[in-house]
Amino acid sequence: MRGLPDYHVHTRRCGHAGGASEDFVRRALALGLCEMAFTDHIPLYFLPLERRDPKLAMKEEELDDYVAEVEALRREFAAEIPVRLGLEADYAEGHEEALSRWLARADWDVVLGSVHWVAGGWIDDPATSPARFKAEGVEVLYRDYYRLLAQAARTGFFDVLTHFDLPKKHGHRPGSPLEDAEAAALAAARESGCAIEISSAGLRKPVAELYPEPRLLARAVSLGIPVTFSSDAHAPAEVGWGYARTLAAAREAGVREFVTFDRRRKRFRPLPA
Ligand SMILES: [Zn+2]
Ligand SMILES: [Zn+2]
């Protein structure tokens, strides 16, 4: 895993991560990662204040402090490892203007685009989403998810689409893959220049599988969609977590290079030997 980046890392501000932010960087250094990007969850701008769960994302008034902390870590570790300023931004249909105002608040290195909010609720909440799949139908929710993911790619707001096949998180899957819906999302990523992450987070979830699954990753690679690597760490020990499997899956899918971002400009590097 030496020479790989970790481009999806959270801080305590989101309410469900812990540890000192500099310990995440120290872990990346100890593993010999080439870069690390903090990508904390954007405030839940698309929900009214009273519906914003403090255990899901930072409060609005914490954003400036987050940016300042990452900038300070960037300076502190400048000689050792590039620390990038990123944001994991929810795409919420109909709230594009509000999102663009949030994205204008800092000079991000990388903006991750995530679809967690589907048809008026969370698609991946362990407390509520199993009941939703039962009531609303697996295929219906998957189709809406991929429709939104494609739409997110086309907004141009995002550099990387996260956890591409997120609805599988708790094991819900359509009887057979919805290849047309997947293909439309992949095509949108390719046309808009979005990368996708190969994320080890799925290995830590009930589905126990990388995001995206190998079949989808191979398809993305064959379309020429750039990839980056991520753990979705919510604790320092999760930085670079599972990367031996992640790297093996990347090789099997035909990945030869990965992308990193500097002020939202792509840089390509070969996979480490
Ligand atoms: Zn999180
Ligand atoms: Zn995340």
- Of the residues Ala72, Ala201, Ala187, which exhibits the maximal mean-square fluctuation in a Gaussian network model of the chain defined by a 10 Å Cα contact cut-off? Ala72
- Query: Once you charge only the Cβ atoms, +1 for Lys and Arg and -1 for Asp and Glu, what is the size of the charge dipole of segment 1-131 about its Cα centre, to the nearest 20 debye?
  - Reply: 320
- Task: With 23 Å as the limit, write out which pairs from Lys59/Lys205; Lys134/Lys169; Lys134/Lys205; Lys134/Lys168; Lys168/Lys266 have Cα-Cα distances beyond it, or answer none.
- Result: Lys59/Lys205; Lys168/Lys266
- Before anything else, pin down the relative contact order of segment 5-270: Cα pairs under 8 Å, at least 6 apart, normalised by residue count, whole percent. 21
- Alpha-carbon centroid distance for the pair segment 81-103 / segment 1-33, whole angstrom: 19
- Rule-of-thumb Rg ratio for segment 61-146 [Cα; 2.2 N^0.38 Å; N residues]: 1.44
- How far apart, in nm, are two points set 7 Å out from the Cα along the Cα-to-Cβ line at Leu203 and at Glu50? 4.4
- Item | Gain in span if fully extended, Glu80 to Glu22, counting 0.36 nm per residue against the direct Cα distance | 19.6 nm
- Query: So what is the diffusion coefficient of the chain in µm² per second by Stokes-Einstein at 10 °C and 1.306 mPa s, using a Kirkwood Rh over Cα pairs?
  - Reply: 86
- Message: Using the Cα centre of segment 57-100 as the reference point, and only Cβ charges (+1 on K/R, -1 on D/E), how large is the resulting charge dipole? Debye, rounded to the nearest 20.
- Response: 340
- Note on the structure: Of the candidates Thr39, Ala98, Pro54, the farthest towards the positive dipole end of the chain (Lys/Arg Cβ +1, Asp/Glu Cβ -1, centred on the Cα centre) is Thr39
- Task: Tell me the label-point distance for the pair His170, Glu136, using the 7 Å Cα-to-Cβ offset, in nm and rounded to one decimal.
- Result: 1.2
- Task: Starting with the fewest neighbours, write out Glu35, Glu50, Glu22 ranked by other beta-carbon atoms found within 10 Å of each beta-carbon.
- Result: Glu50, Glu22, Glu35
- With springs only between Cα atoms under 10 Å, which of Leu217, Leu87, Leu29 fluctuates most in a Gaussian network model of the chain? Leu29
- For segment 1-96 the mean separation of alpha carbon contacts under 8 Å (6+ apart) over residue count, i.e. relative contact order in percent, is 33
- Rounded to one decimal in nm, the spacing of the 7 Å Cα→Cβ label points at Arg215 and Lys59 is 4.5
- Note on the structure: By Cβ neighbour count within 10 Å, fewest first, Ser21, Ser199, Ser231 rank Ser21, Ser199, Ser231
- Task: With only Lys, Arg, Asp and Glu charged, each at its Cβ (+1 for the first two, -1 for the last two), find how big the charge dipole of the chain is about the Cα centre; round to the nearest 20 debye.
- Result: 700
- Percentage relative contact order, segment 158-273, counting C-alpha pairs under 8 Å, at least six apart: 23
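Read-outs: derived from the displayed coordinates by stated rules, not from any lab. Values in this document were obtained by computation on a predicted structure and should not be read as measured data. FYI the Cβ positions are ideal-geometry reconstructions off the backbone, even for glycines, and counts take in every protein chain you see.
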